[in-house]
Amino acid sequence: MADKTETVILVHGLWMRGQVMLPQQHWLRAEGFAAQRFSYPSWRDGLADNVGLLCRFVNKTQGSVIHLVAHSLGGLITLRMLAQEPDARIGRVVLLGTPYAGCHCGATLEATPGLARLVGRTFEDWFSLPRPDLPPATEVGIIAGTRRLGFGRLIPGLPRPNDGLITVDETRLDTASDSIALNVSHSGMLVSRACTGQIASFLKTGKFIHV
């Protein structure tokens, strides 16, 4: 079991609210973590606004060690916060289907008249700025999905393998401590017990379970 002073903050993705992280919150609590959900206006507000909200949430969170588990766009906000205003209590970070290295679906929507607004201000801001440099000691684990089920199947030219929205290559982060691909879809990560097991493994040991 994890040390009870270890807290996990769960960060949702685009077009969602914190409630979507309830299953992972429940299962991570069963693993011994004091899990909390962070909610933010993912579409309406810009990157700097949401980074500020997350930073304040982290600052108010109790615990000697704070881990971050972020889905999709939430991972981009998390990485930007870590680069700009790292908290000394931050332990490990797990990113679920986070498009750090690019986003074919998002770029296609942005280039399509009438659909550009769907990606939201935070997403637009991230890809208009240079990628942030993380503190050297930051331990990041990457979980990518390979089950092609989701909105991205309607977007022409989405490379494989992908999770129905984000490709495995788009989740790459050169400085990541470990990475793994699971047979889950982009949204399916939120309700996957297999993901929970891998998240818990990385938070406790710094490694995923490779079989």
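The values are calculated or read from the model by the stated rules, or taken from the named source; none is laboratory data. In this text, all values refer to a predicted model and were calculated from it rather than measured experimentally. FYI the Cβ positions are ideal-geometry reconstructions off the backbone, even for glycines, and counts take in every protein chain you see. When the accessible area is computed, the model is the full protein with side chains, heavy atoms only, and any ligands, DNA or RNA have been set aside. Shrake-Rupley method; radii C 1.70, N 1.55, O 1.52, S 1.80 Å.
Scan around ILE90 for amide H atoms under 5 Å from its own, H built in the peptide plane at 1.01 Å from N, and keep only partners 5 or more places away or cross-chain.
ILE66
So, with a 1.4 angstrom probe, what is the percent of accessible area on the range 131-211 that is carbon and sulfur?
Values: 2180 of 4110 Å².
The C+S portion of the solvent-accessible surface of the range 131-211 is 53 percent.
Binning at 5 angstrom from zero up to the longest distance, how are the C-alpha pair distances of the range 59-180 distributed in percent?
2, 11, 21, 22, 18, 13, 8, 4, 1, 0
Roughly how many Å² is the accessible area per residue of the chain, as a whole number, for a 1.4 Å probe? Walk me through the numbers on the way to the answer.
Working: 9550 Å² over 211 residues.
Here the per-residue accessible area is 45 Å².
Size of the dipole of the chain about the Cα centre, Lys and Arg at +1 and Asp and Glu at -1 on the beta carbon, nothing else charged, in debye to 20? Mind showing how you got there, number by number?
On the way: 21 positive and 17 negative charges, 116 e Å.
Roughly 560 debye for the chain.
Quick check: at a probe of 1.4 Å, how many percent of the accessible area of the range 1-94 sits on carbon and sulfur atoms? Spell out each step's value before the answer.
On the way: 1990 of 3800 Å².
Result for the range 1-94: 52 percent of the exposed heavy-atom area is carbon or sulfur.
So what is log10(I(q)/I(0)) for the chain at q = 0.07, 0.17 1/Å, when the Debye sum runs over its Cα atoms only?
Result of the Debye calculation: -0.18, -1.17.
Mind listing the Cα extents of the range 119-173 along all three principal axes, in Å, largest one first?
37, 25, 14
The range 158-211: which trypsin sites (Lys or Arg not before Pro) are DSSP loop and have at most 14 other beta-carbon atoms within 10 angstrom?
On the way: sites: ARG172, ARG193, LYS204, LYS207; in loops: ARG172, LYS207.
The qualifying sites are LYS207.
Let me know the whole percent of all Cα-Cα pairs from the range 94-144 that are separated by more than 18 Å.
Working: 543 of 1275 pairs.
More than 18 Å apart: 43 percent of the Cα pairs in the range 94-144.
So what's the net charge close to ILE77: Lys and Arg +1, Asp and Glu -1, counting the other residues with Cβ under 11 Å from its Cβ?
On the way: positive: ARG80; negative: ASP45, ASP49, ASP125.
Result for the local shell: -2.
Under 37 °C and 0.692 mPa s, how fast does the range 45-114 diffuse according to Stokes-Einstein, given a Kirkwood radius computed over C-alpha pairs? Answer in µm²/s, whole number. Present the calculation step by step, with values, prior to reporting the outcome.
Working: Rh = 13.3 Å.
The diffusion coefficient I find is 247 µm²/s.
Kirkwood hydrodynamic radius, computed over distinct alpha-carbon pairs, for the range 153-211: how many Å, to one decimal?
Numbers: mean 1/r = 0.0787 Å⁻¹.
Hydrodynamic radius (Kirkwood, Cα pairs) of the range 153-211 is 12.7 Å.
With an 8 Å cut-off on Cα pairs and a minimum separation of 6 or more residues, tell me the relative contact order of the chain in percent. Working shown, then result.
Working: 444 pairs, mean separation 43.9, N = 211.
Relative contact order, the chain: 21 percent.
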